[in-house]
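The values are calculated or read from the model by the stated rules, or taken from the named source; none is laboratory data. For clarity, every value in this text was computed on a predicted model and none was experimentally measured. For neighbour counting, all protein chains shown are included, and Cβ atoms are generated from backbone atoms with ideal geometry for every residue, glycine included.
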Amino acid sequence: MSCDDYSVEYHLTPSGWKTGTSYFYGKPQKEIQPPSDRLLTVVQDAVQTSRWSPEEVSWRTEWTAPDTPPEKLKELFAKYGKHPS
């Protein structure tokens, strides 16, 4: 069993990244509704297999607004970053 396993949703909106629901071992800890103006949702997954191992972090795209032009996402990535800081 891992020592730590959590995930956090982040939503990209025209005004920047907004934090969404967080999960601990797959169970919601703090549920937050996605903003109505979100264009993209990414999830940061982090796992630490033992107290002595480094944390492994990965990102995945969970959702993209169907009518979002790729140019708009590129513009927002340039302004706010590809992932939240």
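Can you name the condition, by its number, that Tyr25 falls short on among (1) surrounded by 15 or more Cβ atoms within 10 Å (Cβ to Cβ); (2) modelled with pLDDT under 95; (3) touching a Phe, Trp or Tyr at 6+ places or on another chain (Cβ under 8 Å)? The single condition Tyr25 does not satisfy is (1). Only one entry in Glu56, Glu62 is within 17 Å of Gly26 (Cα to Cα), surrounded by fewer than 14 Cβ atoms within 10 Å (Cβ to Cβ) and either of a type in the set (D, E, K, R) or modelled with pLDDT of 95 or more (or both), namely Glu56. Collect the residues in the stretch 1-43 that are farther than 18 Å from Lys82 by Cα, in a strand (DSSP E or B) and in contact with a Lys or Arg (Cβ under 6 Å, 6 or more places away or on another chain), keeping them in residue-number order. Correct list: Ser22 only.
Under the condition of being touching a residue at least 24 places away in the same chain (Cβ under 8 Å) and either among the β-branched types (Val, Ile, Thr) or closer than 26 Å to Phe77 by Cα (or both), the residues counted in the stretch 22-59 number 16.
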